[in-house]
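Visitor: Take this structure, written in structure tokens, and hold onto it; I'll ask about it next.
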2 protein chains.
Amino acid sequence: MTSPSTHHTTITSDPTVPLVRIVREFDAPAEKVFRAHTDPELVTRWLGPRGLEMRVEHYDCRTGGSYRYVQAENGEEYWFHGSFHEVRPSERIVQTFTFEGYPDAVALETLLLEDLGDGRTRLTTTSLVDSFEGRDAFVVSGMEVGVNEGYERLDELLAG
Amino acid sequence: MTSPSTHHTTITSDPTVPLVRIVREFDAPAEKVFRAHTDPELVTRWLGPRGLEMRVEHYDCRTGGSYRYVQAENGEEYWFHGSFHEVRPSERIVQTFTFEGYPDAVALETLLLEDLGDGRTRLTTTSLVDSFEGRDAFVVSGMEVGVNEGYERLDELLAG
């Protein structure tokens, strides 16, 4: 079996629109990767960098649902909220995203799952915002560490 | 009293990001313009061009809520749905929007209300999508007629 930490995460800033694209493969079928994104009990076990404790206020991952959660470290709390525009089982999730430290900034996020066969799945997520400045600030804010560590934790969860 | 149909609607395609900006003034206070966007009984009386009948499946305009409605004409039905990312009374609404004829296309819409004094309000709405092609197709699709006629109907509703 492949080690769960061998996959590389590709993070690309689109040259023409203010969007970040993240591509990552997982050694698990699409249905399992999907469930790790929709079941709040599972989401809290991998989303975000190591060392932060995640608590869900609500996480109603269905078309028309919404979410709010906090990530906490050393007494500091970081709150996030958004709504689920569309949830297509094992295929696609479209949601909004706001870090409440910047309450007026909103990203439109799309997650696409592609079945690669042999129990492997490619996940592509895009985050679209309304300015290149906002997009670039997000990319240099340490987002990469959170994404990489989060997906390593997701590998571990999927392998477990 | 100013005639309710004197205000011009400005529709601008942003040169740097795939976004359309619509600016329109109304002879009514922000609270009243806001309510015309959040109360489904009122929304059905002005949203979209004349001649289409609008029916709401659900319209739960609050942070974390969602909506789905249909506009019908001569037996043709056009369905729309989305979620409400944030609703700040008399100030701001952030929502997603999909015309179900193009189920994979999603716009992130922001409505801002500015109190201009003397019972007047400026409404600025922006629609952000992930490609210039998608944005331009939306603008030439007849969107302008729907927006102009819709806001004329909203003038009439606010004056009534």
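The values are calculated or read from the model by the stated rules, or taken from the named source; none is laboratory data. The structure presented is a predicted model; accordingly, all values stated were derived computationally and were not measured. With ideal geometry, Cβ positions are generated from the backbone for all residues, glycine too; neighbour counts draw on all protein chains shown. Just the protein is used for accessible areas: all its heavy atoms, side chains included, with ligands, DNA and RNA removed. Shrake-Rupley method; radii C 1.70, N 1.55, O 1.52, S 1.80 Å.
Visitor: State all residues of segment A:112-124 that are among the hydrophobic types (A, V, I, L, M, F, W, C) and either farther than 11 Å from A:R24 by Cα or surrounded by fewer than 18 Cβ atoms within 10 Å (Cβ to Cβ) (or both); if no residue qualifies, say none.
Guide: Passing the criteria: A:L112, A:L116.
Visitor: From the residues in segment A:91-100 that are within 13 Å of A:G134 (Cβ to Cβ) and of a type outside the set (S, T, N, Q), which one is farthest from the other protein chains (Cβ to nearest Cβ)?
Guide: Out of the qualifying residues, it is A:F99.
Visitor: Within segment B:16-35, track down each residue that is open to solvent by less than 30 Å² (accessible area, probe 1.4 Å) and part of a loop (DSSP other than H, G, I, E, B).
Guide: The answer is B:V17, B:P18, B:A28.
Visitor: Condition (residue is under 19 Å from A:P49 (Cα atoms) and at the interface with chain B (Cβ under 8 Å from one of its Cβ atoms)) applied to segment A:108-121: is it met by at least one residue?
Guide: Within segment A:108-121, not a single residue is under 19 Å from A:P49 (Cα atoms) and at the interface with chain B (Cβ under 8 Å from one of its Cβ atoms).
Visitor: Between B:G134, B:G150, B:G146, which is over 30 Å from A:V20 (Cα atoms), small (G, A, S) and modelled with pLDDT under 95?
Guide: Checking each option against the conditions leaves just B:G146.
Visitor: Another one. Test each condition in (1) open to solvent by 60 Å² or more (accessible area, probe 1.4 Å); (2) in a strand (DSSP E or B) for A:D104 and report the one that comes out false.
Guide: Looking at each condition in turn, A:D104 falls short on (2).
Visitor: Taking the stated definitions as given, is B:G150 over 26 Å from A:Y102 (Cα atoms) and either among the hydrophobic types (A, V, I, L, M, F, W, C) or assigned to a helix (DSSP H, G or I) (or both)?
Guide: Spelling it out, B:G150 is indeed over 26 Å from A:Y102 (Cα atoms) and either among the hydrophobic types (A, V, I, L, M, F, W, C) or assigned to a helix (DSSP H, G or I) (or both).
Visitor: May I pose another question? Pick from segment B:125-137 the residues that are surrounded by 15 or more Cβ atoms within 10 Å (Cβ to Cβ) and out of contact with any Phe, Trp or Tyr (no Cβ under 9 Å at 6 or more places or on another chain): which of them is farthest from the other protein chains (Cβ to nearest Cβ)?
Guide: For segment B:125-137, the residue satisfying everything is B:T125.
Visitor: Turning to a different aspect of this structure: So B:S13 fits all but one of (1) crowded, with 17+ Cβ neighbours inside 10 Å; (2) under 26 Å from A:E109 (Cα atoms); (3) touching a helix residue (DSSP H, G or I) at 6+ places or on another chain (Cβ under 8 Å); what number is the exception?
Guide: Looking at each condition in turn, B:S13 falls short on (1).
Visitor: State which residue pairs qualify: first residue in contact (Cβ under 8 Å) with a residue 40 or more places away in the chain and inside segment B:80-99, second residue aliphatic (A, V, I, L, M) and surrounded by fewer than 20 Cβ atoms within 10 Å (Cβ to Cβ) in any location, beta carbons under 6 Å apart, and separation of 6 or more residues or different chains.
Guide: Note: pairs meeting the criteria are B:I93/B:L111.
Visitor: Using beta carbons and a limit of 6 Å, which pairs, at least six apart or on different chains, have the first residue in segment B:44-68 and in contact (Cβ under 8 Å) with a residue 60 or more places away in the chain and the second one hydrophobic (A, V, I, L, M, F, W, C) and open to solvent by 40 Å² or more (accessible area, probe 1.4 Å)?
Guide: B:P49/B:V145
Visitor: If you don't mind, another one. Out of the residues in segment A:36-55 meeting the condition of being surrounded by fewer than 16 Cβ atoms within 10 Å (Cβ to Cβ) and touching a helix residue (DSSP H, G or I) at 6+ places or on another chain (Cβ under 8 Å), tell me which one is modelled with the lowest pLDDT.
Guide: A:R50
Visitor: Right, next: Specify the residue that is farthest from A:G65 (Cα to Cα); the eligible residues are those in segment B:56-90 that are open to solvent by 60 Å² or more (accessible area, probe 1.4 Å), more than 11 Å from chain A (Cβ to nearest Cβ) and not in a strand (DSSP E or B).
Guide: B:N74
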